[in-house]
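The structure under discussion appears below in the form of structure tokens.
Throughout, read-outs are computed from the coordinates displayed, never taken from laboratory work. All figures in this text were calculated on a predicted structure; none of them were measured in a lab. Glycine also receives a Cβ, built like all others from the backbone with ideal geometry; neighbour counts cover every protein chain displayed.
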Amino acid sequence: MLSRTHLRTSLAAVTVTGVLAGLVAATPLAQGAPAPSGVDLRPTAKKPTAIGKGGAVTTVDPEATAAGLKVLKAGGNAVDAAVAAAATLGVTEPYSAGIGGGGYFVYYNAKTGKVRTIDGRETAPRRMPQDAFIDPATGAPYNFTPELVTSGVSVGTPGTLATWDKALGNWGTLSLGEALAPATKVARRGFKVDETFRQQTLDNVQRFMAFKDTKKLFLPKGDAPKVGSIFRNPELADTYDLIAQKGTRAFYRGPLARLMADVVRKPRTTKKTKLPVPKGYLTPRDLRDYKVRSQKATRSTYRGHDVYGMAPSSSGGTTIGEALNILERYDLSAMTVPQALHHYLEASALAFADRGTYVGDPAFVDVPVKRLLDKKFAAERACSLNPDAAAAKPVAAGDVTSYDGVCSPTKEQGVTDPDTENISTTNLTVADKWGNVVEYTLTIEQTGGSGITVPGHGFLLNNELTDFSTVYDAADPNRIQPGKRPRSSMSPTIVLKDGKPFLALGSPGGSTIITTVLQMLVNRIDLGMTIEEAIAAPRASQRNTASVSAEPAFIDAYGVALTALGHTLAPAGDAFTSAAEIGAATAIEFGPNKLLTAVAEPSRRGKGSAAVVDKK
Ligand code: GLU
């Protein structure tokens, strides 16, 4: 690996490119001004597949992928590149991720052959009461929308910046400031607005209009930035600069920490807004006390592969692992595609039943991770899977306290919380020439998070605490508790074969993240698809609810066959998004002779962007 000095010199080359790109924007541009004519060096072309060697980056966004690739080319490792790409997503995908949010970082270390994780999930403030989601005016729970979604009460203590710092400190070669540099440049010179950015802004107009600072930043002149215009965020660039100079202290302590706490406890709403915007509980002390956790990755096996996933506080690793354990009992490759999909949907419902009953923040509840991932438990759960007919939903949870792999009656259904789904959040995959791999999912929860922009700092705060169950129930592992992490579905996953990386993948999409990763694994491992086909294939998501949420193309292809098996398919989508899509995945497959196939979405969410260091 390169020495730090050498790498810094190489990164100067990165800066030259950045400066060149900046020159294009040197003509003073008003926010939202049309892009300058002539040569524009801002990366905008999206190539969803890249095949080659020497390292790869794949994200939803060409600027973020370019930032990661530059770091790799300058000699940085996968962790350096992942942080640079993530920080850039904070600029270009500000409604999905950024320093106002949290996420989960999964890392395969080529030298040790081990998978390590960082849990950078947002936490509930220490003063958050268990009835925080009950409206004091009525005594009834707040509605999910608009009250909880657009609020201070759903803002958790952000963990993203601490995650970047920890990842770099543990495994990177760059300082935090160096890793932020490419993103800072993009924030200052601006990026070209595409349809997705404009549409996401339009989807949030009412929420964004509710807050003075958000309106000013994201609705300049009262409208969403036009497609093709340049969007700059100099305040975020200054915030990144401040962090580069002073480290994470500049965020977790001092004036910025006080400001974040202030706007959560007393959101700066516009006079005209009719949204209720309940106040939150965040204090400077919550920020000061925030710590990432190094969680042991979940490990399960599937047809000769080792599947490493995110442990609780995410439900990703246990739910995917359990569903795979159930599916492993059937020869999916010998079935027709609808039969195999039937098994996938039913296994997913069973695993979701157990997710609802058993998974929460392990610092507060005892999560039976080992038992949930036990093949014998899966054997018993598989008793509830009828190969010829869909079960009535919701199906009951299994009993992790007593099972022997033999079919027996299941216990009463535990807690099911209505899960929201949307295509907020973002995911990235990076590999370097030394064989290290990063799979990282980060979010501010809803597209646009809480809607609250931190004044003068250019970033949105999350509304991650909406992932807690709304109504307090002492038996619910995901009940609100002060200082607790709400249960997540984020599922950054690294699959090894014979101890070496085979596939790294992840996706946004709320609780559909779990099914998207699961379906891609089934597509790739069982249904004979290439990784490109596996990511492009139409998706459906069964999360132990009466109907299966499915993309229109899935309904067209398999609706008749699956309906005959007893499934009810309903078009995907929710009140928050205009697209009937599930997920926006990225993945890298590791082939023979160090060949990398990096893939992003070929069409969902306006396409993603994959790149390799040395093209094949
Ligand atoms: N809050 C979600 C989770 O942690 C992620 C947000 C999303 O993808 O919609 O599972």
Item checked: Net charge dipole size for region 187-231 [Lys, Arg +1 and Asp, Glu -1 on Cβ; Debye, nearest 20] -> 260 debye
Next item on the list: Only Cα pairs under 8 Å and at least 6 apart count here; give the relative contact order of region 283-422 as a rounded whole percent.
Entry: 21 percent
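Would you please put 584-592, 110-118 in order of how densely packed they are, using the mean number of other Cβ atoms within 10 angstrom per residue and starting with the highest?
Most protected by this proxy first, the peptides run 584-592, 110-118.
What dipole magnitude, in Debye to the nearest 20, does region 41-90 give about its Cα centre under +1 on Lys/Arg Cβ and -1 on Asp/Glu Cβ?
200 debye
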Checklist line | Top positive-direction residue, dipole computed over the chain with Cβ charges, set THR163, PHE590, THR59 | finding: THR163
Check: Between GLY280, SER314, THR269, whose Cα lies farthest towards the positive end of the dipole of region 264-315 when Lys and Arg beta carbons carry +1 and Asp and Glu beta carbons carry -1, centred on the Cα centre?
Finding: THR269
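So for the chain, Kirkwood radius off the Cα pairs, Stokes-Einstein at 4 °C and 1.567 mPa s: how many µm² s⁻¹? Each step should come with its number before you reach the end.
On the way: Rh = 24.0 Å.
Translational diffusion coefficient: 54 µm²/s.
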Next item on the list: Between beta-carbons, use under 15 Å as the cut-off and find the net charge around GLY451, counting Lys and Arg +1, Asp and Glu -1.
Entry: +4
Notebook entry, point to check: In whole Å, what are the Cα extents of region 154-297 along the three principal axes, biggest one first?
Noted result: 44, 36, 32
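For GLU235, GLU581, which order do you get if you count the other beta carbons within 10 Å of each Cβ and list the fewest first?
Values: GLU235 19, GLU581 22.
Arranged by neighbour count, lowest to highest, GLU235, GLU581 become GLU235, GLU581.
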Checklist line | Summed side-chain charge close to ILE531 - residues other than ILE531 whose Cβ falls under 10 Å, Lys, Arg +1, Asp, Glu -1 | finding: -2
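Cα gyration tensor of region 264-345, axes a ≥ b ≥ c as square roots of the eigenvalues: rounded (a/c below 1.5), prolate (a/b > b/c) or oblate?
On the way: a/c = 6.34, a/b = 2.03, b/c = 3.13.
Since a/c reaches 1.5 but b/c is at least a/b, the shape of region 264-345 is classed as oblate.
All other residues with a Cβ under 12 Å from the Cβ of LYS615 taken together, and with Lys, Arg as +1 and Asp, Glu as -1, what is their net charge? Numbers along the way, then the final one.
On the way: positive: LYS47, LYS53, LYS616; negative: ASP614.
Summing Lys and Arg as +1 and Asp and Glu as -1 gives +2.
Counting alpha carbon pairs within less than 8 Å and at least 6 residues apart, what relative contact order, in whole percent, applies to the chain?
Values: 1560 pairs, mean separation 145.0, N = 616.
Answer for the chain is 24 percent.
How much length is gained if the chain between THR568 and GLN245 is pulled fully straight, taking 0.36 nm per residue apart and subtracting their Cα-Cα distance, in nm to one decimal?
Net length gain for the segment: 110.8 nm.
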Next item on the list: Compare the peptides 205-213, 241-249 by average per-residue count of other Cβ atoms within 10 angstrom and give them in order, highest first.
Entry: 205-213, 241-249
Notebook entry, point to check: Under a plain spin-label model, where a point goes 7 Å from the Cα along Cα-to-Cβ, how far apart in nm are ASP404 and LYS291?
Noted result: 4.3 nm
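Take peptides 485-491, 558-564, 428-434 and line them up by average Cβ neighbours within 10 Å, highest first, as a rough protection proxy.
Details: 485-491: 28.9, 558-564: 16.3, 428-434: 26.7.
Per-residue mean Cβ counts within 10 Å order the peptides as 485-491, 428-434, 558-564.
As a check on your grasp of the helix formula, calculate [θ] at 222 nm for the chain: sum -39500 (n - 2.57) over DSSP H runs of n ≥ 4, divide by the residue count, round to the nearest 500.
After summing the helix terms and dividing by the residues of the chain, the value is -10500 deg cm²/dmol.
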Checklist line | Phi to ³J(HN,Hα) by Karplus 6.51 cos²θ - 1.76 cosθ + 1.60 over region 145-151, Hz, x for Gly, Pro | finding: 10, x, 4, 6, 5, 9, 6
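Most exposed first by the Cβ proxy, i.e. fewest other Cβ within 10 Å, how do LYS393, LYS279 rank? Mind dumping the intermediate values first?
Numbers: LYS393 20, LYS279 13.
In order of increasing Cβ crowding within 10 Å: LYS279, LYS393.
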Note to self: Whole angstrom only: what separates the Cα centroid of region 204-259 from the Cα centroid of region 587-613?
What the structure shows: 30 Å
Item checked: Anchor LYS291: lysines whose Cα lies under 20 Å away (excluding residues fewer than 8 positions away in-chain) -> LYS166, LYS246, LYS484
Check: Which Cα, out of GLY356, GLY68, GLY113, lies furthest along the positive dipole direction of the chain (beta carbon charges, K/R +1, D/E -1)?
Finding: GLY68
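Quick check for me: using +1 on Lys/Arg Cβ and -1 on Asp/Glu Cβ, what's the dipole size of region 504-566 about its Cα centre, in debye to the nearest 20? Mind showing how you got there, number by number?
Numbers: 3 positive and 5 negative charges, 43 e Å.
With Lys and Arg at +1 and Asp and Glu at -1, about 200 debye.
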Check: Gain in length, ASP388 to ALA546, computed as 0.36 nm per residue apart minus the alpha-carbon separation, to one decimal in nm?
Finding: 55.1 nm
Margin query: Give me the one-decimal nm value for the distance between modelled label points at ASN143 and VAL471, 7 Å along each residue's Cα-to-Cβ direction.
Written below: 1.8 nm
